[in-house]
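The values are calculated or read from the model by the stated rules, or taken from the named source; none is laboratory data. Since the structure is predicted, the reported quantities are computational estimates derived from the model, not experimental observations. Please note: Cβ atoms are built from the backbone with ideal geometry, for glycine as well, and neighbour counts cover all protein chains shown. Only protein heavy atoms, including side chains, enter the accessible area calculation; ligands, DNA and RNA are left aside. Shrake-Rupley method; radii C 1.70, N 1.55, O 1.52, S 1.80 Å.
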Amino acid sequence: MSTGVCIVGAAESDLGVTGKTALHLQTQAITRALADAGLRLADVDGLATNGVSRFSTTQVAEHLGLRPRWTDSTFAGGSAPLLYAGHAVQAIQAGQASVVVISYGSNQRSARSRTLDPYEAHTPEAQFEQPYGPLYPVSAYAMAAQLYLHTYGAARGRAGMTEVAVIAREWALANPRAYRYGAGPVDMDASPLLSDPLRVADCCLVTDGGGAVVLTTASRARDLPGVPVEVLGYGEATTGTSIVGVGDLLRTGAVDSGRRAFAMAGLHPHDVDSAQIYDSFTITVLLSLEALGFCGFGEAPDLVAARTLPLNTSGGGLSYCHPGQLGVLLLVEAVRRLRDTADRTALVHGTGGILSSHGTVLLRRP
């Protein structure tokens, strides 16, 4: 099955500690992705982005001289670029746009803008959760990790989380673009405890960076110079925004977003050759693998230990780059891997907030 829409361009901006503005990084990513696609700014009539300002799509469009007829600035954290991909497919199918760019960029490392206390005073969770002094969002994911260890066994769960970090670092050591390139293997025992049971090595990086992908119709893709990657299916799901509002911390909204994506694509988890799964924390990967159906609940430590599924092959948010939202860079890596390896199908999954927002996209190389 196919949606009739393809990703035809994919690129990242400068990464790490850049000293550049978020707008500069987005501009780099967009122009590089268009060059990869063999298209020009004048071809773009759809734009999806956030994170630059209160009015990110208008900001980016004006800066690049675009006048898009379709835009999306949904702010859902790390899942947003995956939601954009589904929305862009719908827009292209409906004739609302012909060439859509999805982009994101952040200079959070250079600007020192990252904070562990982003509660907004007017929200209900602020009055009920903030008095306990949680590190946001680390402590929320730590609670999920504690529950996982309690439910499925501390030694086994801890080994699975560590293996996720080890695998990410191994891929990063082979990726010259990765922030942790050349940093050596993970030593979890030496990693400081941040929010029990999560150690620093269980947590994603804080870096600058950005990325962009370009989507258009499959018919137009045939006339472009690069290898197109088909969008086969997508799904999204939203649960709750607060620590107490998520419900079952061990069964995330990825159950629903994944089910919807696989149903649309006519595929099953065993059909997937590689996966790029948001690794905000090591526990996020274990929970997502289980929710997406790659294994049973409680079985993700065995799956990652077996290494039968190539996972986060850039190094992921743990060792490659994490500029606040990783989702578009997961798409970039999935496209590159489908183009450059024998893989035919790939899954990309993004998670936003406190296990709050989930987007799943299935891709195929023709």
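Which one of these is more than 19 Å from Thr27 (Cβ to Cβ), modelled with pLDDT of 95 or more, open to solvent by 30 Å² or more (accessible area, probe 1.4 Å) and of a type in the set (Gly, Ala, Ser): Gly86, Gly95, Gly65?
On the way: Gly86 fails: open to solvent by 30 Å² or more (accessible area, probe 1.4 Å); Gly65 fails: more than 19 Å from Thr27 (Cβ to Cβ).
Gly95 is the lone residue from the list that is more than 19 Å from Thr27 (Cβ to Cβ), modelled with pLDDT of 95 or more, open to solvent by 30 Å² or more (accessible area, probe 1.4 Å) and of a type in the set (Gly, Ala, Ser).
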Can you give me the number of residues within the stretch 105-150 that are more than 16 Å from Cys204 (Cα to Cα) and aromatic (Phe, Trp, Tyr)? 4
Quick test for you: out of Arg109, Arg54, pick the one residue that is outside any loop (DSSP other than H, G, I, E, B) and among the basic types (Lys, Arg). Arg109
Is there a residue in the stretch 285-294 that is touching a residue at least 12 places away in the same chain (Cβ under 8 Å), under 30 Å from Ser110 (Cα atoms) and either charged (D, E, K, R) or crowded, with 24+ Cβ neighbours inside 10 Å (or both)? yes
Answer residue from the stretch 199-214, given it is touching a Lys or Arg at 6+ places or on another chain (Cβ under 9 Å) and of a type in the set (A, V, I, L, M, F, W, C) and is surrounded by the most Cβ atoms within 10 Å (Cβ to Cβ) among those: Ala212
In the stretch 330-360, which residue that is among the β-branched types (Val, Ile, Thr) and under 20 Å from Gly235 (Cα atoms) is modelled with the lowest pLDDT? Ile354
From the list Gly298, Gly324, exactly one residue is crowded, with 18+ Cβ neighbours inside 10 Å, in a loop (DSSP other than H, G, I, E, B) and either on the phi > 0 side of the Ramachandran plot or not polar (S, T, N, Q) (or both). Which is it? Gly324
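Yes/no per residue for (1) among the hydroxyl-bearing types (Ser, Thr, Tyr); (2) modelled with pLDDT of 95 or more; (3) at positive phi; (4) under 18 Å from the mean Cα position of the chain (by Cα):
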residue: Ala10; (1), (2), (3), (4): no, yes, no, yes
residue: Thr31; (1), (2), (3), (4): yes, yes, no, no
residue: Asp36; (1), (2), (3), (4): no, yes, no, no
residue: Arg54; (1), (2), (3), (4): no, no, no, no
Would you check if Asp196 is farther than 17 Å from Leu355 by Cα and open to solvent by 20 Å² or more (accessible area, probe 1.4 Å)? yes
Any residue that is in a loop (DSSP other than H, G, I, E, B) and either within 30 Å of Gln26 (Cα to Cα) or in contact with a helix residue (DSSP H, G or I) (Cβ under 7 Å, 6 or more places away or on another chain) (or both) - is there at least one of those in the stretch 138-155? no
Please determine, by comparing only the residues of the stretch 124-148 that are more than 21 Å from Arg199 (Cα to Cα) and in contact (Cβ under 8 Å) with a residue 60 or more places away in the chain, which one is surrounded by the most Cβ atoms within 10 Å (Cβ to Cβ). Glu129
What's the number of the only condition in (1) of a type in the set (Val, Ile, Thr); (2) in contact (Cβ under 8 Å) with a residue 60 or more places away in the chain; (3) more than 24 Å from Leu135 (Cβ to Cβ) that Thr308 fails to meet? (2)
Residue among Ala334, Ala342 that is in a loop (DSSP other than H, G, I, E, B) and either of a type in the set (A, V, I, L, M) or open to solvent by 20 Å² or more (accessible area, probe 1.4 Å) (or both): Ala342
On the given criteria, is Ser79 open to solvent by less than 70 Å² (accessible area, probe 1.4 Å), modelled with pLDDT of 95 or more, outside any helix (DSSP H, G or I) and touching a strand residue (DSSP E or B) at 6+ places or on another chain (Cβ under 7 Å)? no
